[in-house]
Amino acid sequence: MKNTLLTLMLASTFSYTASACTGITLSTTANEQIQARTIEWGHSNLNSKLIVSPRNHQYTATMPDQKQGLTWDSKYGFAGISVSDDRFIAEGINEKGLTAGLFYFRNYGSLAKYDPKQTDNNITDMDFVRWMLTQFESVAEVEAALSKIKIVTVYFDQQGNPSPTAHWRVSDKQGNSIVIEIMDHGTINIHKNTAKVLTNSPDYNWQVTNLNNYINLHPGISPSQKINDVEAQSFGVGSNFVGLPGDISPPSRFVRAAFYVNSAPISKTAKQAVSQAFHILNNFDIPVGSEFNDKSHIPDLPSATQWTSVIDQSNGLLFYKTMHDSTIKRVDLKELDFNVKQERKQKLDSGQFSYQDVSVSR
């Protein structure tokens, strides 16, 4: 019964068309690396948790038919945030500074066919992030190990169709960053994340090519000019980037994120860059209801952006805020005990709107 319920939950979650994520990369003058992202899901509460996983912890991947897949022991501890199931890490950082995160890749991701007779080296797409975080400290190590595993779907629907999958951003604290996309029934494509941005579909090459449509956009104010006998002047700041797409589709968010990252000043300190990342990603909060055609079925959520995370790779810090609580919380990996026997799992917040009262009594 438990597995049946999990399958139904996953089917509801990952077949929903409005799942959206926006990721950005910032760096400092000292080449400290910051990885930040949002996660959107306007259909129901993802019940995300903070997961702290120790070293020397054994994992076993569970296949879509509930058979056992790959079993491995973790070399490194990590802290991450789960979605839907405590095993499914959407974003995280390990003690060596490697970060990895999944981003919805509907209609473009296409995994290798699952063979129930050969599962020893199989992991599901929802296991992929924690497999990377527990095993490796660099992007190069991840790339070298991809040929040793087979990534398969986490579930099949009632018609036998595989679930929609993801693509992944992987970065190390030396500044190497890649996007991994699996397409055409198992072909692995690796792209350097030159745009310093990742959203959702279409594929990364398409998104980067689409930036050519926006080369006229620049920060600042357009100069005045005479149009026939009219003296035309800018209404105010931002007229140089009139035409920057403001909708919530993945291509528009990709362009908008790339513009803001490109125009942001390079921070002198990691603390400043973390703050800058949160401010940039505020532009990508999605109000709940904006993605629904039928307004009678809007769920009881405060926001479709359920959480935003910012990772300071160089200093081993994970920051996050949630749809319930805009107070930024911090996890310092240096303060975590990765020699414990069990994973630590805790709610991201209280689940209630919270604030600080600074009223002054008279």
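Excluding same-chain pairs closer than 8 in sequence, count the lysine pairs in the range 65-186 whose Cα atoms lie under 18 Å apart.
Number of lysine pairs found: 11.
I'd like the Karplus ³J(HN,Hα) series for the range 248-260: coefficients 6.51, -1.76, 1.60, θ = phi - 60°, whole numbers in Hz, and an x wherever there's a Gly or Pro.
9, 5, x, x, 5, 5, 4, 5, 5, 5, 4, 5, 5
What's the FRET efficiency of K268 with S234 using the Cβ-Cβ distance as r and R₀ = 22 Å, to the nearest 0.05?
On the way: r = 31 Å, r/R0 = 1.40.
The calculated FRET efficiency here is 0.10.
Using only helices, what value at 222 nm comes out for the chain when you add -39,500 (n - 2.57) per DSSP H run of length 4 or more and divide by the total residues, to the nearest 500 deg cm²/dmol?
It lands at -5000 deg cm²/dmol.
When N counts the residues of the range 117-202, how does its alpha-carbon radius of gyration compare numerically with 2.2 N^0.38 Å, as a ratio? Can you show the working numbers first?
Working: Rg = 13.7 Å, N = 86, 2.2 N^0.38 = 12.0 Å.
Working it through for the range 117-202, the quotient is 1.15.
For the chain, what is the accessible area per residue in Å² when the probe is 1.4 Å? The partial results should precede the final answer.
On the way: 17880 Å² over 362 residues.
Per-residue value: 49 Å².
Got a sec? Charge dipole of the range 169-242, +1 on Cβ for Lys and Arg, -1 for Asp and Glu; which of F235, S201, S177 is way out at the positive end?
S177
Under 5 Å between amide H atoms, partner at least 5 residues away or on a different chain: which partners does F292 have, H built in plane at 1.01 Å?
Result for F292 returns nothing.
Work out the FRET efficiency for A144 and S249 from their Cβ-Cβ distance, taking R0 = 35 Å, and round it to the nearest 0.05. Display every interim value, and only then the final one.
Details: r = 35 Å, r/R0 = 1.00.
It comes to 0.50.
Under 5 Å between amide hydrogens, which residues at least 5 positions from T165 or on another chain qualify, with H placed 1.01 Å from N in the peptide plane?
Under 5 Å from the amide H of T165 lie the amide H atoms of F105, N107, G109, each far enough along the sequence or on another chain.
For the range 122-270, what's the radius of gyration and Dmax over Cα atoms, in angstrom?
In Å, with Rg to one decimal and Dmax whole: 20.6, 70.
At a 1.4 Å probe, what is the % contribution of carbon and sulfur to the accessible area of the range 185-305?
Values: 3820 of 7180 Å².
Here carbon and sulfur together make up 53 percent of the probe-accessible area.
Treating the angle as unsigned and between 0 and 90°, give the value, to the nearest 10°, between the Cα long axis of helix 2-14 and the longest Cα principal axis of the chain.
20
Which percent of the accessible heavy-atom area of the range 134-180 goes to carbon and sulfur, probe 1.4 angstrom?
45
How high is the FRET efficiency between Q356 and K75 when r is their beta carbon distance and R₀ equals 41 Å, given to the nearest 0.05?
Working: r = 41 Å, r/R0 = 0.99.
For Q356 and K75, the calculated efficiency is 0.50.
The values are calculated or read from the model by the stated rules, or taken from the named source; none is laboratory data. Not measured: the values here are computed from a predicted model. Note that we place each Cβ from the backbone using ideal geometry, even for glycine, and neighbour counts take in every protein chain shown. The protein model used for the area step is the full one, side chains on, heavy atoms only, and it has no ligands, DNA or RNA in it. Shrake-Rupley method; radii C 1.70, N 1.55, O 1.52, S 1.80 Å.
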